[in-house]
Amino acid sequence: MIVDVHTHTPTHQAAVPEDERRVYEGWRTDRPVVTTNSWADYDKATEAADLSIVFNIAVDKPEEATGLPYRAEDTNTATAAFVTADPDRRMGFMSVNPIAPDVFDEADRCRELGLVGVKLGPNYQNFDPLSQPALDFYRYCERHGLPILFHQGASPIRQAPLRYTYPLVTDEVALQFPELRIVMAHMGHPWGRETVVTIRKHPHVYADVSSIYLRPWVCYESLLAAQEWGVPHKLLLGSDFPIATTAEAIAGIRRVNDIVEGTALPKISPELIEGIIHANAVAALGLQKGIR
């Protein structure tokens, strides 16, 4: 089974009206990204996956903070409605801000809606990932079996603090919560080596490869580190829709060796690449297929 663990909830259920169409130019160097998408657009973009994990990020002003123009008040309800419409092919993660006064009430509500994990972007949400409120929320997630997918590494959003997404921060979290399932998004790009040494030492910490295939050297360097440190089994497929499609993600990592063709540099093994594409992400994250 192919699982795309990193996609963002489409902004519109029906076709996007032309006057509501938005694009963002800061994510890719080859083309702008259309950030307004319908449910049908999402299905087409993820048709190469058997199952996808989908989420928003809980911020007050989504387009300003994340580049994605969804309604803040619908952050989790939109995800839940989208997943409920096709639970065989979608799993939904909630997003909350650990420093919000109603964080546990909202998390309980989202669990009742059937959302089975959490997406956090401390840089976008402007909270210290090692602060006491954040630690209290991780404890809640560990107790309730909610995996957390953290944004990790770079972002083009100027106001998003990089120090909140440095991969070694996740090491500190995992040390305190050893049973918490964690996904480090984007292999912490450009800090792939730091991500690799973190997932190597923690049994329940993984990384996804979303967006790294858009930068060939970062992709090669990150996967080579995973190969040399013996952790390719800790890597999960992710597209980062709408930035890319699942098929683009698969094709991108299959091209990882193109950049070193004709050189004496080591190659990434085909087995490693196919292992990422077919990784059993559902089992790794302690989840069950479908909404619960």
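The values are calculated or read from the model by the stated rules, or taken from the named source; none is laboratory data. Treat the numbers as computed from the prediction; the structure is a model and nothing was measured. FYI the Cβ positions are ideal-geometry reconstructions off the backbone, even for glycines, and counts take in every protein chain you see. Side chains included, ligands, DNA and RNA excluded: accessible areas come from the protein's heavy atoms. Shrake-Rupley method; radii C 1.70, N 1.55, O 1.52, S 1.80 Å.
Here are the numbers for the structure shown:
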{"item": "Förster-model FRET efficiency, 41 Å R0, ARG158 and ASP108, C-beta, rounded to 0.05", "result": "0.75"}
{"item": "Residue-averaged [θ]222 nm for the chain, counting only DSSP H segments that reach four residues, each worth -39500 (n - 2.57)", "result": "-10000 deg cm²/dmol"}
{"item": "Two-decimal ratio, the chain, of alpha-carbon radius of gyration to 2.2 N^0.38 Å", "result": "0.93"}
{"item": "1.4 Å probe accessible area per residue over the chain, in Å²", "result": "42"}
{"item": "Potential extension, ALA85-LEU265 segment - 0.36 nm per residue separation minus Cα distance", "result": "60.1 nm"}
{"item": "Share of carbon and sulfur in the accessible heavy-atom surface of the range 79-214 [1.4 Å probe, %]", "result": "50"}
{"item": "Cα centre as origin, Lys/Arg/Asp/Glu Cβ charges: the range 3-285 dipole, Debye", "result": "600"}
{"item": "Rule-of-thumb Rg ratio for the range 34-165 [Cα; 2.2 N^0.38 Å; N residues]", "result": "1.03"}
{"item": "The range 91-197: GluC sites (Glu not before Pro) falling in loop per DSSP and having at most 16 other Cβ within 10 Å", "result": "GLU179"}
{"item": "For the chain, built as a Gaussian network whose Cα springs stay under 10 Å, the top-fluctuating residue of PRO242, PRO232, PRO178", "result": "PRO178"}
{"item": "Inter-centroid distance (Cα atoms) of the range 238-292 relative to the range 82-101, Å", "result": "23"}
{"item": "Potential lengthening between ASP128 and ARG200 on full extension [0.36 nm per residue; Cα-Cα distance subtracted]", "result": "23.5 nm"}
{"item": "In order through the range 73-87: 3J(HN,Hα) via Karplus (6.51 cos²θ - 1.76 cosθ + 1.60), integer Hz, x for Gly, Pro", "result": "5, 9, 3, 9, 5, 5, 5, 4, 5, 5, 5, 4, 5, 8, x"}
{"item": "Within-12-Å neighbourhood charge of ILE276 [Cβ basis; K, R +1; D, E -1]", "result": "-2"}
